[in-house]
Structure formats: structure tokens, C-alpha cells
Amino acid sequence: MHGDAELHHAAELYYVQGMTMEAVADRFGVSRPTVSRMLQAARDRGIVRISLSAPPDAGHDLSHRLREAFGVTVHVTGTPRGATDPQRLESVARSAAGLLGEWFGDGMTLAVAWGTTTSAIAGHLHPKTTRDTLVVQMNGAFSARSPGAAQSSALLGRMSTAFGAALLPFPTPAFFDNVQTRMLMWQESSVRRVLAARNGADLAVFSVGAFRGPMISQVYSNGYLSDEDFRELAAQRVVGDVCTVFLREDGTYADLDLNRRASGPTPMELRRIPRRLCVVAGDHKVPGVVGALRAGVVTDLVIDERTAASVVRHLFGR
């Protein structure tokens, strides 16, 4: 077992100084396969992070158009033409995990909205040692009809472990049965602590929920909402949610009654977090992405090329 210092030295010789594996092996008195394993270990532990700068292409043009329209930084991931929806999700999850690894550092708080996409991101995080850091859950997950609480706990546990950060869960329902209960809960000191950490976060990561399409978001598929709720969403022209707060395509949300029972931050509250990473894949999420962009909740968008092209067509007609 090689320590981090040895792995760093081997990686520096190979990647920075340009030495061959044979030369590095001679320097350490080991075999070439051992050097190969050391370099792989350096990547696995986050000592080495490899990034590629792609030449200008269609993805570059798509990101430019979205940046010009909404002032967001867009990271377009390339996927094969025949990629499945799960493959597109994995592509954006890998990219988002790399960005979180770069951005999240000592003394920072990361706010996380649970869901299928953020769970995929957590699975691609490389271990990174940080100090005095916190991962806070942005929206509640409890429901009498859903295992979402266990799923959110596993997701947040993986994220906090990857960064060696403290974990602050949000032990409330995703949606309250009535507004008065939510108002009373928000007065509890334990809940106020979570809300304060959430509102003071340096970085947030979330996706856009969609209740139609091939990969329906957990909020809509796991029994959090009643048939009456779905009818109200349709009547109000809701296209999706961000952190369990529902949005129309024009970015409006404040007059939706269901949002008064939601546990997640409103777009106005979310906008207080300096950097807000939205990660999406799939054409079924296009209207929701447009709503999130118009609501101003996104500073950085990770999106696969096919979905980005669909967003641009939806917005600009070509």
C-alpha cells in the first residue's frame, strides 16, 4: 500500500515531468505494472484529476447561446447519438461530480437536493479531504407512502463521506399535509438550524424534476403527491420542480398553493446561494429546465448535448 505522498510523487514524475513508466519504476525500484497501479490509485484518491478541453463544436455553440440568454455557465457533455437515457444521465453525473470535486473546499457548505440525478452524481465522486466542511440536505424526504427518506440518507451519506464533511440532514416531510404544520415546524430550533445552514450555503447541487417522460422523478413516482395534487399541477401549467418547489415554464411559482406545503427552498431563497449547479439529462426535462433558467435559480448547468439542443430549439425555434 502506497501513501498519498508516494502517489503524488509518482504522478508528478509521470504527468508533469513527462517521465516514462519505466523511468518512474526505476526511480521507485518497482515494476512497471506497480507504477501503473500507483497512477490509478492517485486518480481514485483524487490526487490526480484529468480534464479535457474539447475543440469548438456544436456543444460549444449550444452553451454559448444559453449563456447569452440567461447568463449561466453551461457545461455540455457529449454522448453518442444512440445513447440511452440512463447513459445520458451517467454522462452528466460524471461531469457534475468532477465539478463538485474542483469547487468544494475547506470551510464550505454544500446544499444538496435529493433525487435520482444527485444520487448518480454521488456515485461518481472521488474522495477529497476537506476541513471544516458541511453537507446539508435542502429538502425533506419523509412520506407515509415512500422510501425517499432512506434514499436521501444514503445519498447524503455518500456525499459527506467523499469529502470528509459533517452531515446535516433535514428530517421533515417532503410536503406537509397543511400549511399550518409547516409554519409550526419552521419554528423548531432543530429545523431553524438546518434552514440557516441551507440559506448560508456556498454551493448547491440539484436537478429539475419531471412528472412525464421515460425517467419520472422520485417526487412524482414514489407516492408523495395525491391524484388531486396532480390535477392541480396540470391545471396550473406546472412543468416540473426544483428542490420540491413547483415551477411553470415562465419561471413563476409564488402563487402555487402546493408550494406553501413544500419543504424545499423557493427560487428566491435558492438564489441567495452564490453557486447553484443544476444537472439534467433527457428531453422530458426541457420545459422544466426552461422554467428553472427563467426563475434564475441556475448559475451553472451541466446538460448532455441532445438535451441542450432540445432546450435551444424550444427557446429559439432552431
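A Förster radius of 35 Å, combined with the Cβ-Cβ distance separating residue 255 from residue 103, puts the computed FRET efficiency at roughly 0.55.
Tell me which of 180, 89, 224 sits at the most positive position along the dipole axis of the range 58-316, charges placed on C-beta atoms (Lys, Arg +1; Asp, Glu -1). The Cα lying farthest towards the positive end belongs to 89. All C-alpha pair distances within the range 207-318, sorted into 10 Å bins from zero, spread as 15, 50, 31, 5 percent across the bins. Overall, the range 58-316 carries a charge dipole of about 220 debye about its Cα centre when +1 sits on the Cβ of Lys and Arg and -1 on the Cβ of Asp and Glu, all other atoms neutral. Span-like helix criteria (full DSSP H runs; alpha carbon extent of at least 20 Å along the helix axis; mean Kyte-Doolittle hydropathy of at least 0.0) are satisfied in the chain by 148-163.
Where [x] 129; [y] 147; [z] 177 are the candidate values, the label of the one calculated here for volume of the Cα convex hull per residue in Å³ is [y]. Note on the range 4-44: Cα-only Rg and Dmax are 8.7, 23 Å. Looking at the chain alone, DSSP beta bridges between its own residues are antiparallel in about 20 percent of cases. Label separation (residue 5 vs residue 232): 6.2 nm, computed from points 7 Å beyond Cα along the C-beta direction.
Values quoted throughout were computed directly from the atomic coordinates according to the rules given, and no laboratory measurement underlies them. In this text the structure is predicted, and so the values were computed from the model without any measurement. Cβ coordinates were reconstructed from backbone atoms using ideal geometry, including for glycine residues, and neighbour counts include every protein chain displayed.
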